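Asker: The structure under discussion is supplied below as structure tokens; questions concerning it will follow.
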Amino acid sequence: MVDSKRWMIFLGLLLLGIFIYSISAVLTPFLIAATLAYLTNSWVLLLNRCHINRTLAVVLVFIFLFGLFILSLMVLIPALEAQIQNFVTALPSIVERSKTILLPWLQTHLNLDLDLDLSSGTQAVQTVLQQHWQQAGHYVPSLLKIFAGSGLALLGFLTSFLLVPVVLFYLLRDWDKLLLAIHALIPRKAEPVVVRLFKECDAVLSGFLRGQLMVMIALGLLYSFGLAIAQIGWALLIGVIGGLLSIVPYLGFTVGILTALIAAFFQYHDWTHIMYVLIVFVLAQSIEGSLLTPYFVGDRIHLHPVAVIFAVLAGGSLFGFLGILLALPVAAVVMVFVRYIRDRYVNSTLYNSTQTPGV
């Protein structure tokens, strides 16, 4: 009877997993909203302790998040726009240096017979970008017409975009009620163990997510300031991209250093500034490994680097880019249950029995 119940539970979980996977595309705005609600619920609780009604506290958190988003756009967008415009202006010289420096080097060292004429295509691209970069708003109607050609795609995009703040508001407002409802469904016999495991998951997950966010911001600043001191063009753009992509292990560092090396090569075509770039990224990674990650994140996941890579690739294969973003948080939760199962096994009679099987 007990075995049949266990098989029923296993079958139910398997069917639930299949169902979730089948609607993974629909779940994206809900997962984003749930993640934001989980991260900002502590702010609402802090306002509650100051005798502020929960609904009003949620509204204040919304105002703060919206203001922070607008302020970030006001600060970053003009600077990024200027650097992208500089890149567009420098595009012909980059292509010319590729023809006079990079292609001869490839022909000499790799025995490649390359005879490429990039000037005409590059000039056309530069002309289009220079003419229309400042007038990107005029293309909004055209983009809308393209989206309108596929009504379902437009509807899906707008629905996802609008659902996130709506779902976030209701999740934040009713977060405590949802937790109480879930707690009421836990079997009484298993309640102590389940509550303890979920508290451990909460401690690991909240610390990891908030810590990883701080590491991303810090790395973006380190990359940007370091490259700016080294007088590398597009330092802010490269730093922002490297910082954002650092949410995926090793991706931010890899993309950042390759982009910065290419920028230094085409800007100065010397070894000095390439060394500056290497120094900036080595120092940033040293600071991240010795100070930022231990302080903000700590060793919360206890995953080997190979397991981290596997988790990221598996998440991307199952759920796309969102799966890549959620791979490590999910791995952090899974490791809590793995440690619990291991402890149960080590303390079981199966592990501690000294009797030979079959005797």
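The values are calculated or read from the model by the stated rules, or taken from the named source; none is laboratory data. Remember, it's a predicted structure, so these values are computed and weren't measured experimentally. Glycine gets a Cβ as well: all are built from the backbone with ideal geometry, and neighbour counts include every protein chain shown.
Asker: When you look at residue 180, is it among the hydrophobic types (A, V, I, L, M, F, W, C), over 20 Å from residue 27 (Cα atoms), assigned by TED's automatic domain parsing to the domain that holds residue 38 and at pLDDT 80 or above, yes or no?
Answerer: Working: among the hydrophobic types (A, V, I, L, M, F, W, C): yes; over 20 Å from residue 27 (Cα atoms): yes; assigned by TED's automatic domain parsing to the domain that holds residue 38: yes; at pLDDT 80 or above: yes.
Here the answer is yes, as residue 180 does meet what is asked.
Asker: Tally the residues that are part of a helix (DSSP H, G or I) and touching a residue at least 40 places away in the same chain (Cβ under 8 Å), restricting the search to the stretch 236-264.
Answerer: 3
Asker: Then there is this: Of the numbered conditions (1) aliphatic (A, V, I, L, M); (2) at pLDDT 80 or above; (3) within 23 Å of the chain's Cα centre (by Cα), residue 46 fails exactly one; give the number of that condition.
Answerer: Residue 46 satisfies all of (1) aliphatic (A, V, I, L, M); (2) at pLDDT 80 or above; (3) within 23 Å of the chain's Cα centre (by Cα) except (3).
Asker: Does residue 25 satisfy being assigned to a helix (DSSP H, G or I), farther than 30 Å from residue 56 by Cβ and either out of contact with any strand residue (DSSP E or B) (no Cβ under 7 Å at 6 or more places or on another chain) or at pLDDT 80 or above (or both)?
Answerer: Considered against the rule, which asks whether it is assigned to a helix (DSSP H, G or I), farther than 30 Å from residue 56 by Cβ and either out of contact with any strand residue (DSSP E or B) (no Cβ under 7 Å at 6 or more places or on another chain) or at pLDDT 80 or above (or both), residue 25 comes out as yes.
Asker: Moving to a separate point now. Take the stretch 188-227 and flag every residue that is free of Cβ contacts under 8 Å to residues at least 24 places away in the same chain and crowded, with 16+ Cβ neighbours inside 10 Å.
Answerer: 198, 224
Asker: Going by what's in this entry, would residue 71 be described as within 30 Å of residue 225 (Cβ to Cβ), within 23 Å of the chain's Cα centre (by Cα), modelled with pLDDT under 80 and in a helix (DSSP H, G or I)?
Answerer: Here the answer is no, as residue 71 does not meet what is asked.
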